[in-house]
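Read-outs: derived from the displayed coordinates by stated rules, not from any lab. Not measured: the values here are computed from a predicted model. Virtual Cβ from ideal backbone geometry, glycine too; neighbours counted across all protein chains shown.
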Amino acid sequence: MCGIVGYVGPKDAVPLLIEGLKRLEYRGYDSAGVAVRRADGALDVRKCVGRLSNLEEALEAAPLAGGLGIGHTRWATHGEPSEINSHPHIDCSGGVAVVHNGIIENYLELRAELEAKGHVFRSQTDTEALPHLIEEILKGGETSHAGAIRAALRRARGAYALGIVFRDEPGVLYAARCGSPLIVGVGEGEQYIASDVPAILNRVKKVIYLNDGEVAELRASGATLSKLDGTPVVPEVKTVTLRAEAAERAGFETFMLKEIHEQPRVLRTLLDAHVGKDGVVNLGPASALIDEAATGLRRVLILSCGTAYYAGMYGRLLIERWTGIPCETDLGSEFRYRGPRLPENTLVVAVSQSGETADTLASVRLARKMGCKVLGICNVPGSTLLRESDAALLTQAGPEIGVASTKAFTAQLMAFALLAIRMGRVRGALDARRERELTEELARIPDGIHRVLDKQDDVRAVSQKYYECFNALYLGRRFNYPVALEGALKNKEISYQHAEGYAAGEMKHGPIALINEFLPVVCLCTPTADEVHEKVVSNLKEVEARKGRIIAVVAESDRTIRGMAQDVIPVPETIEEFSPMINVVALQLFAYFNAKLRGADIDKPRNLAKSVTVE
Ligand code: M6R
């Protein structure tokens, strides 16, 4: 979703703003802009629709120079993508410029009030209410810019991360946060703001994570923080441990392909962190909450959105199987509105790559109000989710830049496997021998994924035959049902090929009507030794009888399915419970090559945002 970068210091702001915005491109955007306070005292703005390269061209044609500036990539919510609607937005007199992520929910009311006082709005955005409101407050007698910002934000309802600069205050960059992430990058004699760490990872090693309701006043020399009522806040400066290369493509043609290939390493890192040489699972700082909760738990509720929701579906199956505790899943966007009833001793497990997904966060807040403890499974240290959870299980996948989630998903699956084993042991539902068997099997998964990656050209050859199709159906059962959903999501997100995931047993209740000689049906057929395998074979027979084009993900040793399928993608076998971690990689590659052959912009799929910070 929208990206923010800001700079104050001795250097020229524009190249730093553009560099930072480029590093945020993965978040998804449709227009971009910058505002810089020039040396001659003017506050100047450049904006463009489309890619950042358009903005760069505009800046080449009409350069801007100055050591104080803010930049923004916009993902349209209020008002179409257009130059007028892109940020920064300014007030009537051009005295203040604002970039904003989030939504000001009472903007219509504010706008009407300000228009009645003579303010002229140029855009259709919710954001524009803020510079006009700040201007109005200053006109009303407020003498400090920080005071005007705080007063304006006390009136604004909704979510925001803001970067603000004033024409009449050289050398001061303002920032504020409520509900949308924003960090301050603390440099030597210079300060940055950014909506995400990768934007400034190559520039600073120290950051301040702003909390909701805080306003930052940044000068080259340092940061001052206050709450909306003016109370000073002592900033907590943290050191970033990520290396800048983590946010580079490392020779891969896209971030997504790089991240697909990182999966064996990511899973090994998680295993090394949480499984001892004796095969015992230890969840580090999260253990206390998990162990305490596991003994008296009546229910586990997993909350998440999108790909993370499918990881949650997988987690539910494992938790119920290995702990015997009833477990349910819900989408963040549904849970918060369904009037949920939660029995006492419900543990909420919230799953999110970014830790900033608005619907997931709102559901977590509701569950906490209802008295639940929350375990956050998340990839981003310092994220809002982790700060609002009682305990954290970090997926440690490193920055995921590709909009389509890959390594974060497999890391979430691994985190659930470790969590379910640990809870099963604490409950006495698994014994030490079974724990060891399971962790030994888990240790084989990274190699299994390697073997799938080694055969990526074979997957490309399969895509070559199907990438022009309009639709595809993905089928899986039990542990591989969430994988079918995830495979279909991956394909539609990046290749724009319509794809639908279904529980294989449900096919005859509707989607079977679609099957003909043109429809590719991707089916997850491993492992072969479990009780649902035969059922999957029967479902495939139904597809075969209607001349559907079967693409089967099969065990390397499989001989049965090959006879029925037009194409097979062989993968190494593991136990059913862990097969999703291997199978999904085959589907990620399939989606990837479909998208590539269709000429799609894989790292920046249209209309999508990496982290969905609005409802
Ligand atoms: O950051 P989160 O894991 O909370 O994000 C949830 C979804 O928005 C995300 O998984 C989305 O579905 C991705 N585009 C999937 O590739």
Taking 22 Å as the cut-off for C-alpha to C-alpha distance, list the pairs among Lys238/Lys373; Lys465/Lys610; Lys369/Lys407; Lys47/Lys205; Lys22/Lys610 that go past it.
Lys238/Lys373; Lys465/Lys610; Lys369/Lys407; Lys47/Lys205
If Lys and Arg each add +1 and Asp and Glu each add -1, what is the summed charge of the other residues whose beta carbon sits under 11 Å from the beta carbon of Arg154?
+3
Note down the relative contact order for the chain as a percent, whole number, built from C-alpha pairs under 8 angstrom at least six residues apart.
12 percent
Enumerate the helices in the chain for which the Kyte-Doolittle hydropathy averages -0.5 or more and the C-alpha atoms extend at least 20 Å along the helix's axis, using complete DSSP H runs.
306-323, 407-427, 481-495, 579-597
Cross-link partners among aspartates and glutamates for Lys596, C-alpha distance below 17 Å, same-chain residues fewer than 8 apart left out?
Glu253, Glu259, Asp457, Asp458, Glu468, Glu493
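To make sure I understand, if each residue's beta carbon is the centre and we count other beta carbons within 10 Å, what order do Thr410, Thr384 fall in, fewest to most? Provide the component values of the computation, followed by the final result.
Working: Thr410 31, Thr384 27.
Fewest-to-most Cβ neighbours within 10 Å comes out as Thr384, Thr410.
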Please arrange Glu328, Glu262 by counting, for each residue, the other beta carbons lying within 10 Å of its beta carbon, fewest first.
Glu328, Glu262
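So if I place +1 on the C-beta of Lys and Arg and -1 on the C-beta of Asp and Glu, and nothing else carries charge, what would the dipole magnitude of the stretch 441-578 be about its Cα centre? I want it in debye, nearest 20.
Details: 17 positive and 22 negative charges, 90 e Å.
That gives the stretch 441-578 a dipole magnitude of about 440 debye.
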Hey, can you grab everything whose amide H is under 5 Å from the amide H of Thr329? Only 5+ residues off in sequence or another chain; H modelled, so Pro and N-termini drop out.
Ile302
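Any idea what % of Cα-Cα pairs in the stretch 299-435 are farther than 23 Å? Mind dumping the intermediate values first?
Numbers: 2565 of 9316 pairs.
Counting every Cα pair in the stretch 299-435, those more than 23 Å apart make up 28 percent.
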Using only alpha-carbon positions, what ratio does the radius of gyration of the stretch 131-210 give when scaled by 2.2 N^0.38 Å?
1.19
When only DSSP loop residues count, what trypsin sites (Lys or Arg not before Pro) in the stretch 80-125 have their Cβ near at most 12 other Cβ atoms within 10 Å?
Lys117, Arg122
Could you tell me the distance between the Cα centroids of the stretch 32-97 and the stretch 269-325, to the nearest Å?
46 Å
Förster radius 30 Å - calculated FRET efficiency between Glu113 and Ala42, Cβ distance, rounded to 0.05
0.55
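Could you give the length gained on full extension between Glu542 and Glu344, defined as 0.36 nm per residue of separation minus the Cα-Cα distance, in nm? Don't jump to the answer; show the numbers that get you there.
Numbers: separation 198, 0.36 × 198 = 71.28 nm, distance 4.50 nm.
Residue separation times 0.36 nm, minus the Cα-Cα distance, leaves 66.8 nm.
What is the dipole size for the stretch 36-145, taken about its Cα centre, with +1 at each Lys and Arg Cβ and -1 at each Asp and Glu Cβ, in debye to the nearest 20? Present the calculation step by step, with values, prior to reporting the outcome.
Numbers: 10 positive and 17 negative charges, 44 e Å.
Computed about the Cα centre, the dipole is about 200 debye.
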Counting other Cβ atoms within 10 Å of each Cβ, which GluC sites (Glu not before Pro) in the stretch 164-231 have at most 11 and sit in a DSSP loop?
Glu188
Got a sec? How would Thr526, Thr269 order by Cβ neighbour count within 10 Å, fewest to most?
Thr269, Thr526
Treating only Lys and Arg (+1) and Asp and Glu (-1) as charged, each at its beta carbon, one finds that the stretch 179-311 has a dipole about its Cα centre, in Debye to the nearest 20, of 220 debye
Can you bin the stretch 25-116 into rounded, prolate or oblate? Criterion: square roots of the alpha carbon gyration tensor eigenvalues sorted a ≥ b ≥ c, rounded for a/c under 1.5, prolate for a/b above b/c, oblate for the rest.
oblate
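What ranking, highest mean first, results for peptides 476-486, 56-66 when packing means the other Cβ atoms within 10 Å averaged over each residue? If you can, show how the numbers build up before the last one.
Details: 476-486: 26.9, 56-66: 14.1.
Peptide ranking by packing, descending: 476-486, 56-66.
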Need one number for the chain: average projected area of the convex hull over its C-alpha atoms, nm².
27.8 nm²
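Nearest 500 deg cm²/dmol is fine: what mean residue ellipticity at 222 nm does the chain get from its DSSP H runs of n ≥ 4 alone, each adding -39,500 (n - 2.57), divided by its residue count?
The helix contribution divided over the chain gives -11500 deg cm²/dmol.
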Descending Cα extents along the principal axes, the stretch 218-263, whole Å:
48, 22, 16
List the residues, sorted by chain then number, that are 5 or more residues from Glu214 or on another chain and whose placed amide H is less than 5 Å from its amide H.
Arg177
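Counting every Cα pair in the stretch 143-182, what percent are over 11 Å apart?
Percentage above 11 Å: 66.
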With equal scatterers on the alpha carbons only and no solvent term, can you work out the Debye log10 of I(q)/I(0) for the stretch 64-151 at 0.11, 0.16, 0.21, 0.26 1/Å?
-0.30, -0.63, -1.07, -1.45
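Give the calculated FRET efficiency between Asn202 and Ser53 to the nearest 0.05, with a Förster radius of 25 Å applied to their Cβ-Cβ distance. Present the calculation step by step, with values, prior to reporting the outcome.
On the way: r = 20 Å, r/R0 = 0.81.
Once the sixth-power term is evaluated, E becomes 0.80.
First select every other residue whose beta carbon is under 11 angstrom from the beta carbon of Ala175; then total the charges, Lys and Arg +1, Asp and Glu -1.
Numbers: positive: Arg177; negative: Glu214, Glu217.
With Lys, Arg at +1 and Asp, Glu at -1, the neighbours total -1.
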Long-range amide H contacts for Leu430: which residues qualify at under 5 Å (H placed 1.01 Å from N, peptide plane, sequence gap of 5 or more or a different chain)?
Arg425
How many angstrom lie between the Cα centre of the stretch 238-259 and the Cα centre of the stretch 523-574?
36 Å
